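Reading through the structure tokens given below for one structure.
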Amino acid sequence: MSGQPKPWDISSKAAVHIAALMDLFRLACQRQKLVLQVERGLAGWTDVRCKEGHEFSLSALDVVSTSRPFGLEPDEPWCKKCSSAEWVAECMAALKIVAMSQGVELTATDEQDESGEGHVVFSARCSEGHSFQTTGRRARGRHGDPVRHLCPDCRRGALLAEGFAKAEEVVRGTRSTITKRYRNAVEIRCRRGHPHTFYTDSPDGRQGIRPNFCGPCAKLVTFQEFSEAAKDLGITVLESQWIAKSRSHRAVCFAGHEFGLVPNKMKRGCPECPRGMYGGAIPPHDVYYVVSGLDATTGKETVKPGISSGVGFNRLRQHAEDGLTVQHLRICGLPLGMARALESFVLRGLDGEGWLSTRGVEYFPAEALQDVLDLVGEWFTDQPGLTIRSVVVDVDELHGVAETAAVREVVDLDVDAAVVFDSGDLTPVAALTR
């Protein structure tokens, strides 16, 4: 018991450190050119007076416990009145520069603003004739940069003009249509006819003016990405629209199993297929087809280009059940990756021609059939490694199949033998081989 320190022993040791801290506090006050008037210890409030004669109080503990007392740098004054005076002087200088550059006339008044920092209120008149009041605080933006427009009316007009210019750019880039204009907004319709309103008089409204503004169209893009990801697993999505990440979408695997595919749980693939099926390899998409008919879902005459595997009969049967019974083209035996590339080329071409899907991303109006066949021919013509040779084909019969819905014949080809395409100009048809 006799070896343990007593409370008064601890106090005597602490007194040495407290005295050292107080010495540091006095040194810091000297650097700030502060005169100590009444000291009240390390934790108490010490009364001081700055070089300008302003009196205020400090806590010595607050000063010595951090490298930036009161959140200030060492060379910044601790006196709030002195600090405010420097800030007011800086703002005044910035205001004069901004006013001169923007042609604003300033007239000082006897008033000060509500901040309590001492900013003088000026009566101002801009080059456009707008009258307003301003202070030095309003000469800078939130990041300290000079404001682009000191006049509130000019600033508001510039922001509106900026918003309208941004809206015009988005409308051109997305091939949308402006239906009505307002003083602070513009109503538009996207290329698929969905209505939307762009507001130009608020930061959030201007931020909403972007190419992906249309929610339904954005869902279509999401669905297309989901469909492409499913194809990487050998799965064809049977749904024609996006439902939700956590909801199942009707799908069929390359083995013909129909199941519900959930977008955020699709890595496993088909739950009915063994994990080691086909040696773990997914059969490539090597069939490209074009079908048309009266779509049972939309009730519209529709053309559907697409891809499949093997001979494609299962997928064509599914389309026939949906009303797309007319088969115009079926190309089998395409090399690895070629069917996907051809499909992407045709879809991009149809989009460039202005065709809009009737459902999903691969169903189009029947009037787009000729453009589909033309794009298929164009793609094969541009492929390196394919050479042209003549074949005997009844051109009238081929065009009859493409144009007459009553005909049930199929341009049924194998790439290993020949690929026939229709250029649409009734010139002799060519065949391409590898």
(request) Could you grab the pairs with beta carbons closer than 7 Å, sequence gap of 6+ or different chains, first residue in region 318-340 and without any contact (Cβ under 8 Å) to a residue 40 or more places away in the chain, second one β-branched (Val, Ile, Thr) and surrounded by fewer than 19 Cβ atoms within 10 Å (Cβ to Cβ)? (result) Asp322/Thr297
(message) The conditions are (1) modelled with pLDDT of 85 or more; (2) closer than 27 Å to Gly118 by Cβ, and Gln32 fails exactly one of them. Which is it?
(response) (1)
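Being farther than 27 Å from Gly256 by Cβ, under 15 Å from the mean Cα position of the chain (by Cα) and not acidic (Asp, Glu) is the requirement here; does Ala185 meet it?
Details: farther than 27 Å from Gly256 by Cβ: yes; under 15 Å from the mean Cα position of the chain (by Cα): no; not acidic (Asp, Glu): yes.
Judged against the criteria, Ala185 is not a match.
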(request) Among what's in region 43-53 and is in contact with a strand residue (DSSP E or B) (Cβ under 9 Å, 6 or more places away or on another chain) and not polar (S, T, N, Q), pick the residue that is nearest to Leu21 (Cα to Cα). (result) Ala43
(message) If I filter region 307-322 down to residues being modelled with pLDDT of 85 or more and small (Gly, Ala, Ser), which single residue comes out as nearest to Glu362 (Cα to Cα)?
(response) Ser308
(request) Starting from region 83-104, keep only residues that are under 14 Å from Cys151 (Cα atoms) and polar (S, T, N, Q), then list their pairs with residues that are buried (at least 16 other Cβ atoms within 10 Å of the Cβ) and modelled with pLDDT of 85 or more whose Cβ atoms are within a distance under 8 Å, requiring at least 6 positions of separation or different chains. (result) Gln102/Cys126; Gln102/His149; Gln102/Leu150; Gln102/Cys151
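Pick from Val252, Val303: which is assigned by TED's automatic domain parsing to the domain that holds Val361, surrounded by 15 or more Cβ atoms within 10 Å (Cβ to Cβ) and modelled with pLDDT of 80 or more?
Numbers: Val252 fails: assigned by TED's automatic domain parsing to the domain that holds Val361.
Checking each option against the conditions leaves just Val303.
Condition test on Lys265, is it within 34 Å of the chain's Cα centre (by Cα), surrounded by fewer than 20 Cβ atoms within 10 Å (Cβ to Cβ) and at pLDDT below 90?
On the way: within 34 Å of the chain's Cα centre (by Cα): yes; surrounded by fewer than 20 Cβ atoms within 10 Å (Cβ to Cβ): yes; at pLDDT below 90: yes.
Spelling it out, Lys265 is indeed within 34 Å of the chain's Cα centre (by Cα), surrounded by fewer than 20 Cβ atoms within 10 Å (Cβ to Cβ) and at pLDDT below 90.
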(message) Checking Ser246 against (1) part of a loop (DSSP other than H, G, I, E, B); (2) crowded, with 19+ Cβ neighbours inside 10 Å; (3) among the hydroxyl-bearing types (Ser, Thr, Tyr), only one condition comes out false. Which one?
(response) (2)
(request) Please enumerate the residues belonging to region 128-145 that are touching a strand residue (DSSP E or B) at 6+ places or on another chain (Cβ under 9 Å), more than 22 Å from Arg183 (Cα to Cα) and outside any strand (DSSP E or B). (result) Thr135, Gly136, Ala139
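Conditions (1) polar (S, T, N, Q); (2) modelled with pLDDT of 85 or more, marked per residue:
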residue	(1), (2)
Gln4	yes, no
Ile18	no, no
Leu24	no, yes
Arg49	no, yes
Gly71	no, no
Lys81	no, no
(request) Sort out which residues of region 180-193 are free of Cβ contacts under 8 Å to residues at least 60 places away in the same chain and within 25 Å of Phe364 (Cβ to Cβ), and write them in order of number. (result) Ile188, Arg189, Cys190, Gly193
(message) Can you pull out every residue in region 308-333 that is of a type outside the set (A, V, I, L, M, F, W, C), more than 37 Å from the chain's Cα centre (by Cα) and not in a strand (DSSP E or B)?
(response) Gly310, Gly312, Asn314, Arg317, Glu321, Gly323, Thr325, Gly333
(request) Being part of a strand (DSSP E or B) and either outside the structural domain of Asp201 (by TED's automatic domain parsing) or at pLDDT below 85 (or both) narrows it down to one of Glu111, Glu117, so name that one. (result) Glu111
(message) Only one of Ala99, Ala19 is out of contact with any Leu (no Cβ under 6 Å at 6 or more places or on another chain) and either not in a loop (DSSP other than H, G, I, E, B) or not assigned by TED's automatic domain parsing to the domain that holds Thr135 (or both). Can you tell me which?
(response) Ala19
(message) If I ask for residues that are closer than 27 Å to Glu90 by Cβ and free of Cβ contacts under 8 Å to residues at least 24 places away in the same chain, which ones from region 134-177 would you list?
(response) Gly141, Arg142, His143, Gly144, Asp145, Arg148, Pro152, Arg155, Ala158
(message) For region 213-227: of the residues being out of contact with any Ser or Thr (no Cβ under 9 Å at 6 or more places or on another chain) and of a type outside the set (Lys, Arg), which is farthest from Val361 (Cα to Cα)?
(response) Gly215
(request) Any chance you could count how many residues in region 334-358 are under 24 Å from the mean Cα position of the chain (by Cα) and not in a loop (DSSP other than H, G, I, E, B)? (result) 5
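Take Pro305 and decide whether it is closer than 23 Å to Glu228 by Cα and either part of a loop (DSSP other than H, G, I, E, B) or of a type in the set (D, E, K, R) (or both).
On the way: closer than 23 Å to Glu228 by Cα: yes; either part of a loop (DSSP other than H, G, I, E, B) or of a type in the set (D, E, K, R) (or both): no.
Spelling it out, it is not the case that Pro305 is closer than 23 Å to Glu228 by Cα and either part of a loop (DSSP other than H, G, I, E, B) or of a type in the set (D, E, K, R) (or both).
Within the group Leu356, Leu336, which residue is at pLDDT below 85 and surrounded by fewer than 16 Cβ atoms within 10 Å (Cβ to Cβ)? Break it down stepwise before answering.
Details: Leu356 fails: at pLDDT below 85.
Testing whether each residue is at pLDDT below 85 and surrounded by fewer than 16 Cβ atoms within 10 Å (Cβ to Cβ) leaves just Leu336.
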(request) Looking only at region 69-89, count how many residues are in a helix (DSSP H, G or I) and touching a helix residue (DSSP H, G or I) at 6+ places or on another chain (Cβ under 8 Å). (result) 3
(request) Among the residues of region 330-346, count how many are closer than 28 Å to Arg191 by Cβ and in contact with a Pro (Cβ under 8 Å, 6 or more places away or on another chain). (result) 3
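The values are calculated or read from the model by the stated rules, or taken from the named source; none is laboratory data. Note that the coordinates shown come from a computational prediction; the quantities given were computed from them, not determined experimentally. A quick note on method: Cβ atoms are made from the backbone with ideal geometry, for glycine too, and the neighbour counts reach across all protein chains shown.
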